[in-house]
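Read through the structure below, which is laid out as structure tokens, and then see the notes.
Rule-based calculations on the coordinates, nothing more; no lab input. What you see is a predicted model; the values in this text were computed from it and never measured. Cβ coordinates were reconstructed from backbone atoms using ideal geometry, including for glycine residues, and neighbour counts include every protein chain displayed.
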Amino acid sequence: MTRLSLCQFAQFREKFVSDRVKTNFASWFPGHMYKGMLQMQAKLAVVDCIVEIHDARIPFSGRNPKFYSMLSAIKPHILVLNKTDLADLTQKEKIKKHLLKESVKEVLFTDCKSSSKTGVEKILPTAIELMKDGDFHNRLNRNSFSLMVIGVPNIGKSSVINKLRNIHLKQGKATSVGAVPGITKSVLEKIKISENPLVYLYDTPGIMTPSIDSFEVGLKLALCRTLNDSLVGLDLMADYLLFWLNKHKKFKYVNYLELNEPLDDIRMVLLHIAKQFNKVQKIKTAEDFQDAG
Ligand SMILES: Nc1nc2c(ncn2[C@@H]2O[C@H](COP(=O)(O)OP(=O)(O)OP(=O)(O)O)[C@@H](O)[C@H]2O)c(=O)[nH]1
Ligand SMILES: [Mg+2]
């Protein structure tokens, strides 16, 4: 039987159960996030449009509800789903339709790792178009207008800003990017991203939703690296990923890890990987000690 047919017949867990279901994801709300939220609210008066960045792999999970209630309810709000290079977007139109039902006025898809078609080039024209619906003409009479980029940690906010600056001003990095959550720690001074019209942008710290009420949402956020791994535990994250891949019939991992068949027990997968990389350690059992004695 081929690997593919084994995938079709395999039986998997229907529910994800863990004895660590009480993991307190909400405990990761460091002081800089609280301070950042206050700074963002204080800047609202001078902001014309909110650009919320989120991870395209989890379009329906983990967005911070405080963003809609406190920030976007009074300003036009664009949702940018970033990291599309890592996401399955076969249902793109469906995702968009669903998200447009909320307070969001437009949904865009971006990939900051790509050097050509990134989608980032659509952000500024979309923001300008949205302003036209409001008192845009009054705004145009002003010297400049400002956008604020918001989102949960490590989602690519600073990367999008640097791309925007590169596209519209042909200038280099203006704000720091890093692979771990919590790189941007405060609302930064305005960064120029376009000359004509004159547009500035505020980068903000990633603000985690203060209460992650669902265990699975917490695990999804952790797998997208918006939470620190140490808070959740790598073994738990790996187990949930395996459960999710099997549940959604995504079996590429079988070939990738050179397994003979899909597995539902993370310990078997980890054992296989350990053997593959020769990361096994011999340990003495009680019997070995008896033999030696
Ligand atoms: N694969 C992929 N990685 C991306 C993309 N955009 C950003 N990244 C990576 O994601 C990580 C976080 O990027 P940042 O721009 O620092 O994210 P941030 O939201 O500003 O993070 P904080 O300031 O910590 O909240 C970095 O390692 C980036 O290189 C993307 O479109 N695709
Ligand atoms: Mg940042």
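Evaluate the distance, in nm, between pseudo-label points positioned 7 Å from the Cα of residue 44 and of residue 214 along their respective Cα→Cβ axes.
Placing both labels 7 Å along Cα→Cβ, they lie 2.7 nm apart.
Can you give me the angle between helix 234-247 and the longest principal axis of the chain, using Cα atoms only, in degrees from 0 to 90, rounded to the nearest 10?
Long axis of 234-247 versus the principal axis of the chain: about 90 degrees.
For the range 29-202, just say rounded, prolate or oblate: build the C-alpha gyration tensor, square-root its eigenvalues into a ≥ b ≥ c, call rounded for a/c under 1.5, and beyond that prolate if a/b exceeds b/c, oblate if not.
The shape class here is rounded.
Report, in deg cm²/dmol and to the nearest 500, the calculated mean residue ellipticity at 222 nm for the chain, where each DSSP H run with n ≥ 4 adds -39500 (n - 2.57) and the sum is divided by the residue count.
Dividing the helical sum by the residues of the chain leaves -10500 deg cm²/dmol.
So for 282, 247, 122, fewest C-beta neighbours within 10 Å to most, what's the order?
282, 247, 122
Can you tell me the length gained on complete extension of the stretch residue 144 to residue 173, counting 0.36 nm per residue apart and subtracting the Cα distance?
Taking 0.36 nm per residue and subtracting the Cα distance, the gain is 8.3 nm.
Computed on alpha carbon atoms, what radius of gyration and Dmax characterise the range 138-268, expressed in Å?
Calculated on Cα positions, Rg and Dmax stand at 20.1, 66 Å.
Highest GNM mean-square fluctuation, the chain, Cα pairs closer than 10 Å: which of 162, 260, 82?
Of the options given, 260 has the highest mean-square fluctuation.
For the chain, what are Rg and Dmax over the alpha carbons, in angstrom?
Taking only Cα atoms of the chain, I get Rg and Dmax of 22.9, 91 Å.
Find me the longest stretch of the chain that has none of the exposed chymotrypsin sites (Phe, Trp or Tyr not before Pro), where exposed means in a DSSP loop (not H, G, I, E or B) with at most 12 other Cβ atoms within 10 Å.
Excluding the exposed sites themselves, the longest stretch runs over 61-276.
Using the basic label-point model (7 angstrom from Cα toward the beta carbon), what is the residue 234 to residue 253 distance in nanometres?
The two pseudo-label positions are separated by 1.5 nm.
Just to confirm the filter: which GluC sites (Glu not before Pro) across the range 210-291 are DSSP coil and have at most 11 other Cβ within 10 angstrom of their Cβ?
258
Note down the nm distance, to one decimal, between modelled labels 7 Å out along Cα→Cβ at residue 279 and at residue 15.
3.2
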